[in-house]
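Have a look at the structure below before the remarks.
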Amino acid sequence: MVEHNSNRWSRAWILPLWAVLTPLLPGADIVFEDPRTERLGHVPEALTIGDVNGDGRLDAAVANSSADGDPGGDTVTILLGKKDGSLAAAGAYTAGKRPEGILLLRADGDENLDVVTANFGSNSVSVLLGDGSGQFAAPAVITVAGGPRYVVSSDFTADGKADLATANFNGDSVTILQGNGKGGFAPLHTVGVKDGPEVLALARLDGDAYLDLVTANSRHNSISPLAGDGKGNFSLKAYHRVGIRPRFVLARDLDGDGLDDLIVANHDENTIGVERNKGNYAFERVRTLSSPGLLHPVYLDIADLDGNGAPDLLATWAGSDRFTFFPGSSSSFAFESPMTIEAGSHPVGIAAADLDGDGDRDVLVTNALDDTSHLFRVKLPRPAVFTFRRGDANGDTRTNLSDVIYVLTFLFRGGERPGCLQSADMNRSGSINISDPVYLLVHLVAGGPAPPLPFGNCGEDPEPSTVSCETSPCSLPVAPPPQ
């Protein structure tokens, strides 16, 4: 486990004050738990997160970008969120050749999330319509010239339907594809950019009402801002030089002036550049982030992980098998010294989201050379005490025979771990074992003694417990606002 803790004072009088202040400090007391590993297809890179089966838990979709007939390549792996906060592979679906970009969106007008991939090896985009249960149809393929490597979505044409934009690496261009609201897309407009656009980001660069785009051009060491007109057309503005071989760009208003600034991963420079938007599509680097020994930043994400209200920065470093967490600061463009966390072999994709439902954003990383994902659950200090209902092991707010079966399945058949172990500790022994489901069973069918309080209603444990309660339908922490 990787942990970063500020110094703790043991005097009792300071602990309540400490509990209030630590969440306000950059990176204070944040804990990245040891990763949970899931096997994926071959060369997993880009990932996207959303609830694909409608159960209220976040899931993930990963593009496996190996081509040339490699087993597990040219596919999308679906990872379904489980009640215990983990992710489990639930099928792989054919995409195009070398899918290097992926996103989830509602493409066909229903409430189900669909998958779109940008297929570098087959000059195409694939659309896989979801049925709402976590299953996806065979892909519909749309030709996009120039080797698309990345794809984003918004309603670029203001007709109420989702459209797409692709970064075309070989074509040095961006293509806009208009959606028909039924799952179909057709190329509408292509605009040239500088050499080798690896990725593109949605942005608000100029203060008008229309969404803009920006590309990271790895063969030109530049970014290209593209001004949108609200009708699906984009025009190239003056390019801006950045570091050596930019592989990723994020857009975020870091100084509150209403214009998105940029954060760029400079792969061959081993730096991350923070670029201030000066207006009129001009940028200047105001901060350079790096860490000794870390090589080749690839993907970035930004979210408030430590709960202090400032956005934090995540980056994968493919040459060092690590990712970094740069705590955000209240000062514009400032990030604190990073925490470095070991990942798998050649980490690429990274995303932050509350995958275990406890209110803290977790981190999901794809590792391209060992074909795995790593889920790092994030834990923050919580002065509030969880309430729970003893006996409600499966979290459905009722206590009945299904809870007996749930605990037996967990103990002896590898079933899901209860989100609140205290709920499963029926006899309050301080551990979960066969005596717990037996205790509840005897109470339910033979009139045996009721489990200790809190039983029947939500409440706190009247005495300290040696088992944990991480998630409970009685008392869930309030999630941070969406980024």
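The values are calculated or read from the model by the stated rules, or taken from the named source; none is laboratory data. As the structure is a prediction and not an experimental result, all values here were calculated from the model. Cβ sites come from the backbone with ideal geometry, for glycine too, and all protein chains shown count toward neighbours. These area figures cover heavy atoms from the full protein model, side chains too; ligands, DNA and RNA do not enter into them. Shrake-Rupley method; radii C 1.70, N 1.55, O 1.52, S 1.80 Å.
Residues being touching a residue at least 40 places away in the same chain (Cβ under 8 Å), under 17 Å from Asp74 (Cα atoms) and not hydroxyl-bearing (Ser, Thr, Tyr): count how many of those fall in the stretch 145-171.
Looking only at that region, the number is 3.
Given the criteria open to solvent by less than 10 Å² (accessible area, probe 1.4 Å), under 14 Å from the mean Cα position of the chain (by Cα) and among the hydroxyl-bearing types (Ser, Thr, Tyr), does Thr316 qualify?
Criteria met by Thr316.
In the stretch 139-163, which residues are among the polar types (S, T, N, Q) and open to solvent by 40 Å² or more (accessible area, probe 1.4 Å)?
Of everything in the stretch 139-163, just one residue is among the polar types (S, T, N, Q) and open to solvent by 40 Å² or more (accessible area, probe 1.4 Å), namely Thr143.
Any idea which residue in the stretch 294-313 is nearest to Ile341 (Cα to Cα), counting only those that are open to solvent by 10 Å² or more (accessible area, probe 1.4 Å) and charged (D, E, K, R)?
Result: Asp301.
Conditions: (1) in a strand (DSSP E or B); (2) more than 22 Å from the chain's Cα centre (by Cα). Gly96 meets all but one. Number of the miss?
(1)
Which residues, counting only those in the stretch 214-270, are open to solvent by 30 Å² or more (accessible area, probe 1.4 Å) and not in a loop (DSSP other than H, G, I, E, B)?
Across the stretch 214-270, the qualifying residues are Ser235, Leu236, His240, Arg241, Arg247, Arg252, Asp268, Glu269.
How about the stretch 446-462: which of its residues are in contact (Cβ under 8 Å) with a residue 12 or more places away in the chain and not in a strand (DSSP E or B)?
Passing the criteria: Pro451, Pro452, Leu453, Pro454, Gly456, Asn457, Cys458, Glu460, Asp461.
Checking the condition at pLDDT below 95, open to solvent by 40 Å² or more (accessible area, probe 1.4 Å) and under 17 Å from the mean Cα position of the chain (by Cα), which residue from Gly69, Gly109, Gly56, Gly85 passes?
Gly56
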